[in-house]
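Heads up, the thing below is written out as structure tokens.
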Amino acid sequence: MALGVGIRGVSLYLPPIVRDNTWWPSEIVARWKQASAVRGALPPSPVSSPGAVRVLAALAEQVADPFQSAVTRHVMPDEMTVLDMAEQAGRIALSRAGAVAGDIDLLLTHIVMPDVLLGNPATQVHHRLGLPRRCFAMETTAAAHSFLMQLTLAEAMIAAGQARLALLVQAAGATRAVEIDDPISPLFGDGATAVVVGPVSAGRGIRACAHHTDGRYPNTLVASVRGGTWSDPGRAVIHVADPVAMRDVFLESAEVLRESIQAVLASAGLAAGDVGFFALYQGTPWMRRVVQDYAGLQHARAIDSFPRTGYLFSAIVPASLALAEQAGLLADDDLVLATGGGTGMTFGSIAMRWGT
């Protein structure tokens, strides 16, 4: 039986500063609470699916909490850059996989809020880690869905003989690009993850992938000058450019993610009851709980990273895997189902047997 392709090592790096909710001035928090009360008094949006009903109920539960269940988030010190975090995560992942820089044939990165535009951050990570000149290095951009797309690309290149070992790096430096008085500012943290992908024992590794695209919502969470583009006068910040579209995306989230879960399980010839661990991107505190229940995965183990780390964009799924390993929630031969989505939007799932 042929070897599989799977995850050989995963890491999570969180910067040293821990920011709790007392960092936000009380007058700003009071304004958020007042705005939340107004939103809670508005007539509910019409819903058209059972998934949307579940999401709307979850949103209603959170309306009184201005911090949306985020308790802490990690923040880079002034002298640190997002590439510093990417480098640290990469080094840890290589060590955990028992690999060295010269083993890597493929590097895929997703760097949220790099220092400059019109560059290839993958080349900088490549240089910092001392990867070989032959290594294919590319920045991949699919918002928070980037990791699952990286994993799909890496599996395809390794299976085709184009690479033997791949390093996938995800890093988010969002806290430097939000405004302190924006109600979404407490939701973001800084951090980086990395995953080494390569040959694993027969029967383990990636079993199936399913990805979908829906381009109706291009301007939900963006980084630009408010009301314009990044090149307009003013400071480019992360913000919700189209609140109505963002609400629609939230309302559809449970339905589209269940769709991808059902598709990947069908492709792999598996059932919901086979899933041992469920890793979902967590841009909100309720997303994992709502989707897991709606997709019939209640028995699967899971971990909630959002209250501790905030939103880490594409790093959030590998962060869940790293934290689950540390907590002893992952065992060899567990069927892991990883599900996520990204602004734009894209969404999908990957099913894999854990272990090397």
| query | What is the dipole size for the chain, taken about its Cα centre, with +1 at each Lys and Arg Cβ and -1 at each Asp and Glu Cβ, in debye to the nearest 20? | reply | 360 debye
| query | How much net charge surrounds F136 when only the other residues with a Cβ under 14 Å from the Cβ of F136 are counted, with Lys and Arg +1 and Asp and Glu -1? | reply | 0
| task | Read phi for every residue in the range 69-74 and hand back ³J(HN,Hα) as whole Hz from Karplus 6.51 cos²θ - 1.76 cosθ + 1.60, θ = phi - 60°, with x for Gly and Pro. | result | 6, 6, 9, 9, 8, 8
| Cα-centre dipole for the range 57-142 with unit charges at Cβ (Lys and Arg positive, Asp and Glu negative), debye to 20 | 380 debye
| Cα centroid separation - the range 267-346 against the range 66-120, whole Å | 20 Å
| field | the range 90-195 - convex hull of the alpha-carbon atoms, volume per residue in Å³ | value | 107 Å³
| said: Tell me the net charge near I7. Cut-off is 14 Å between Cβ atoms, I7 excluded, with +1 for each Lys or Arg and -1 for each Asp or Glu. | reply: 0
| request: Calculate one ³J(HN,Hα) per residue across the range 91-102 by plugging θ = phi - 60° into the Karplus curve 6.51 cos²θ - 1.76 cosθ + 1.60, and present them in order as whole Hz with x for glycine and proline. | output: 5, 5, 5, 4, 4, 5, 8, x, 10, 10, 4, x
| the chain: longest stretch without exposed trypsin sites (Lys or Arg not before Pro) (DSSP loop, at most 12 other Cβ within 10 Å), sites themselves excluded? | 1-132
| message | For a quick size check, give me the Cα extents of the range 185-318 along its three principal axes, largest first, whole Å. | response | 55, 31, 27
| note | Once normalised by the length of the range 173-264, the mean sequence separation of its alpha carbon contacts under 8 Å that are 6 or more apart gives a contact order in percent of 27 percent
| query | Taking the Cα centre of the range 123-206 as origin and charging only Cβ (+1 Lys, Arg; -1 Asp, Glu), how large is the dipole, in debye to the nearest 20? | reply | 660 debye
| query | Based on DSSP H runs of at least 4 residues, each adding -39500 (n - 2.57), what is the mean residue ellipticity at 222 nm of the chain after dividing by all its residues, to the nearest 500 deg cm²/dmol? | reply | -10500 deg cm²/dmol
| message | Tell me the net charge near T81. Cut-off is 14 Å between Cβ atoms, T81 excluded, with +1 for each Lys or Arg and -1 for each Asp or Glu. | response | -4
| note | The set of residues whose placed amide H lies less than 5 Å from the amide H of L165, leaving out same-chain residues fewer than 5 positions away, is D105, L106
| task | Please list, in chain and number order, the residues 5+ apart from T109 or on another chain whose amide H is under 5 Å from its amide H, with Hs placed from the backbone. | result | M138, E139, T140, V169
| field | Footprinting exposure proxy for Y281, Y311 (fewest neighbouring C-beta atoms within 10 Å first) | value | Y311, Y281
| query | Amide H of R301: which non-local residues (sequence gap of 5 or more, or other chain) have their own amide H closer than 5 Å, using H built in the peptide plane? | reply | F277, F278
| query | Considering every Cα-Cα pair within the range 1-138, what fraction, in whole percent, is farther apart than 19 Å? | reply | 68 percent
| What percent do you get for the relative contact order of the chain when only Cα pairs under 8 Å and 6+ apart count? | 26 percent
| request: Looking at the chain, send over the antiparallel percent of its DSSP beta bridges, to the nearest 5. | output: 70 percent
| said: Distance between the C-alpha centers of the range 225-260 and the range 171-215? Whole Å please. | reply: 17 Å
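Quick note: the coordinates plus some simple rules give every number you see, no bench work behind them. Keep in mind the model is a prediction, meaning the values are calculated, not measured. Don't worry about glycine lacking a Cβ; one is built from the backbone with ideal geometry, like all the others, and counts go over all protein chains shown.
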